[in-house]
Structures are given as structure tokens and as C-alpha cells.
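Undergrad: Dropping a structure here in C-alpha cells format, bear with me for questions.
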Ligand SMILES: [Zn+2]
């Protein structure tokens, strides 16, 4: 039988005309969407004030940099309904952030927004080889989190079957994967690793559970971590990107040829800025991603500062899609931590650790409390490897990791090797840093 999942590299399109639109047409379409959006948002007192000095003009795309940014604090200040751009009785769904780091923020959808959301997620799932009739184990959180319902809407639009697993017990999830014959796993990358640990603890091999494809997002992960997930599960893993303040998942999804994540820029206008000066950077430079949801009705945020460190490319892609790509997503600026006067980021440490062929599983960083203490890096080995033997048999890998960490600028650290599955498991987003 011809199984589309085995051909998931094929540059298959959900909507060829939209995804492979000529760049001239795309810019023209973005310009029109911006004009309409700017006219619409002036109904809202927040944007009315924000756009007070920004006058409508020709060639709008040349003047986007003059529009002030929108920040998470703006959304907090106007919680719950202050950022709405349609009457409340036209809102059909809302989600909120957890509020764990301050006042929660709300995202709202009109009927039209929900249609758009499903359509954009269907683009990404189709690019990853998802077809009608396939069985999806959706372990993204349902409820207030946008992941669960977003992927469900997109997958159902394609005609795939979705099991709304949400954050249920890991052992139960393994049983359900087997009993229900799931072929596609949707969850955060750290949850995928925890599911693999759980399967092994149950005496099962993740490769034999029937999963063929993983679509993992909701937290940033390095290419090395992605490769380990592919190896441990024996599947193809695709990265996906989104954030609730803009729409949820469905902002960008990995290219079938692995050339980065194509941004749905006909709906989310992307810019990369210097996070200190706020100035727009040149193509390919590392900076903060700024997104404008120019076609959303209920809450069209303009120039929203995502806090994510990215590189973007507008170069043509061999898969045929003309939409710009995020060629790197290196986690949040706010995840930086200090040791003395130096700043470090978990993403860089993860990239170093997961280069080693023996490293797999999870990791966590325990920050030093004072100058006398060192940074403790606890990291799991691949399934079946014994940490006690690591220092004897895998000395070369350990030396390479140590050299790379020194080169990154970390002077004082301790590597603590753990067996696969020894570190805490998690259902949602991993907590990589503790103090
Ligand atoms: Zn591509």
C-alpha cells in the first residue's frame, strides 16, 4: 500500500496558489492587508492612541518600521477584552496564557479567525505528510492553551482522525498509542522525550509503537535534540512554531526539505529586529522576531515583540514555497541566565550537549548560588547506556563537550551523567533551569 507518511519529504501543498505565490503578488497582498488592518484597528482605543502619529500613505510596506511595537505588557494592561477589535458578541473562542509570570493575556477569535487558524495549520500538517484518514495522537494541552484545539482544527480540516489526548498520564498515553493505532505524535519535544522514557520503562521500544511522524513545537529545541528524537523514536520529526498572542500554533512550520520553517507571511508579517535598538536587521541576521497578524479580525496585534531569537531568510526555497523561512529559532531572550558578568543561553548548551552520539534524553541546568559553586549540567545518555561506564568508555565525547563548553565561555561547570529517563518527566514545556 502506498503510505504517504513514508513519502513525507514530498513538497506537497495544502494550497499551492497561496504557498507558492509570486513574491510580487505576495508583497502586493501584504500591502493591501496592512492598509485594511490599519484602518480597522483604529476602532480600538489602544491602537487609536498608538497610531496617532502614523498617517495612511502609499507603499505602506516601506513605512512599517514607523509603527510602534506591541508588547506582552500591552496585552496584560488591556486584559481581558481591551485589545478586541470586534464587538464582544462576535467573539466565538478565547484562550489565555497561564499567567505564571504575571497577569495573564487573552487571545480571541472570530468565526473567520478560527477558519483561518485551521487552514494555516492544515498547510503545515500537509507539508509534513499528514493526509486524510491518518490517526493523530494529539498530546498538546487542551483548555486554555492554544496547542490542543489548534492542531485538532487543522487536522480535522484535512480529514485526519484526532485523539484529543491533552496532558493525560504518560503511561496511559503509551497504552492509547498502541490500542488506537496512532501514526502521528503531536506534542512538545520534551514531552516526546518523556513518552519515550515511559515506553522504555514499560519494557517497550518506542520504535515499535507504530508512530511514524512527530510534529513537535511549543518550545524551542536544537537540531541535535531533534535528531535524537528521530533516533530514539525511529521517526521523522518536524518542527512547528507559533505563539498564543499572535494566533497559537500555525505561524510557521518546517519545510518538507528541512530548509527552515516557512512563515505564513501572507497573514503574519515578519520582521527581525535588534532587541536593544528596535531597528530592523538585514536578512539572515540573528535578532528578535516581530510579528503582525494583519488579517485577524478579533485581535490583530501589530508589530508584536515575540521575544524569540531567530534568523530569517527570504531566499527562494527548493520545495517551491515562496514564503520566508525561519532558518533558526534559538529560544527566548528572557531565558538567558547570568554567571558572574557573563550571559548564557540554554539553547547553546543544548546544542553542544546533543552533538555527542551518546547523549540523549532530557537535561537540566542547576545554576550556582555563589562564586564557589559551579554550573551543574545534568544530562541523560541514550537508552541502554550506563552513566557509571560513561567516564570509562566515552571519555572522548566528554572531552569534546567540555572543550566546547569552555569555548562558549563557561569556565566552571560539572557534567553529571544520568541514565535515560532518570531526570523528571514532563507533559508540557520542560523547565530547563533551576537554582
Ligand atoms: Zn521549503
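Undergrad: Show me 155-167, 327-339, 389-401, 240-252 ranked by packing, highest mean number of other Cβ atoms within 10 Å first.
TA: Taking the mean over residues of other Cβ atoms within 10 Å, the ranking is 240-252, 155-167, 327-339, 389-401.
Undergrad: Based solely on its DSSP helices, what 222 nm [θ] is calculated for the chain when runs of n ≥ 4 H residues each add -39,500 (n - 2.57) and the sum is averaged over all residues, nearest 500 deg cm²/dmol?
TA: The helix contribution divided over the chain gives -9000 deg cm²/dmol.
Undergrad: On C-alpha positions alone, give me the angle between the axis of helix 170-180 and the longest principal axis of the chain, in degrees, nearest 10.
TA: Compared with the principal axis, the helix lies near 80 degrees.
Undergrad: Distance from the Cα centre of the stretch 363-435 to that of the stretch 109-144, in angstrom?
TA: The stretch 363-435 and the stretch 109-144 have Cα centres separated by 36 Å.
Undergrad: Given q = 0.11, 0.13 Å⁻¹, what are the Debye log10 I(q)/I(0) values for the chain, with equal point scatterers placed on the Cα positions and solvent ignored?
TA: Reported log10 I(q)/I(0), two decimals: -0.88, -1.21.
Undergrad: Does the stretch 336-434 classify as rounded, prolate or oblate by the C-alpha gyration tensor (a ≥ b ≥ c root eigenvalues; a/c under 1.5 gives rounded; else a/b over b/c gives prolate, otherwise oblate)?
TA: oblate
Undergrad: Note the full-extension length gain between residue 391 and residue 62 as 0.36 nm times their separation in residues minus their Cα-Cα distance, in nm to one decimal.
TA: So the extension gain works out to 112.7 nm.
Undergrad: Which of 40, 59, 28 moves the most in a Gaussian network model of the chain with Cα springs under 10 Å?
TA: Fluctuation is largest for 59.
Undergrad: Given R₀ = 22 Å, FRET efficiency for residue 32-residue 276 by Cβ-Cβ distance, to 0.05?
TA: That gives a FRET efficiency of 0.10.
Undergrad: Another question, if that's okay. Which of 125, 381, 204 moves most in a GNM of the chain, Cα contacts under 10 Å?
TA: In this elastic network of the chain, the residue with the biggest mean-square fluctuation among 125, 381, 204 is 204.
Undergrad: On a 0 to 90 degree scale, rounded to 10, what angle separates helix 395-408 from the longest Cα axis of the chain?
TA: So the inclination is approximately 40 degrees.
Undergrad: Let me ask something else. Taking the Cα-to-Cβ direction at residue 104 and at residue 369 and moving 7 Å from each Cα, how far apart do the two end points lie in nm?
TA: Placing both labels 7 Å along Cα→Cβ, they lie 3.4 nm apart.
Undergrad: Each label point is 7 Å from the Cα along the Cα-to-Cβ direction; what then is the distance between the points at residue 398 and residue 202, in nm?
TA: The answer from the label model is 3.4 nm.
Undergrad: Still on this model: So how much slack lies between residue 89 and residue 343, counting 0.36 nm per residue of separation and subtracting their Cα-Cα distance, in nm?
TA: Going from the current span to full extension adds 86.7 nm.
Undergrad: Moving on to the next point. Anyone know which of 409, 210, 141 comes out most mobile in the 10 Å Cα GNM of the chain?
TA: 409
Undergrad: Right, next: Arrange the following residues from fewest to most other Cβ atoms within 10 Å of their Cβ: 280, 237.
TA: Listing 280, 237 from fewest to most nearby Cβ atoms yields 280, 237.
Undergrad: Can you pull the one-decimal nm distance between simple spin-label points at residue 259 and residue 231, each 7 Å off the Cα toward Cβ?
TA: My value for the distance between the label points is 2.8 nm.
Each reported figure results from applying straightforward, stated rules to the coordinates on display, with no laboratory input. Predicted model, so just to flag it, every value in this text is computed and none were measured. Neighbour counts run over all protein chains shown; Cβ positions are idealised from the backbone, glycine included.
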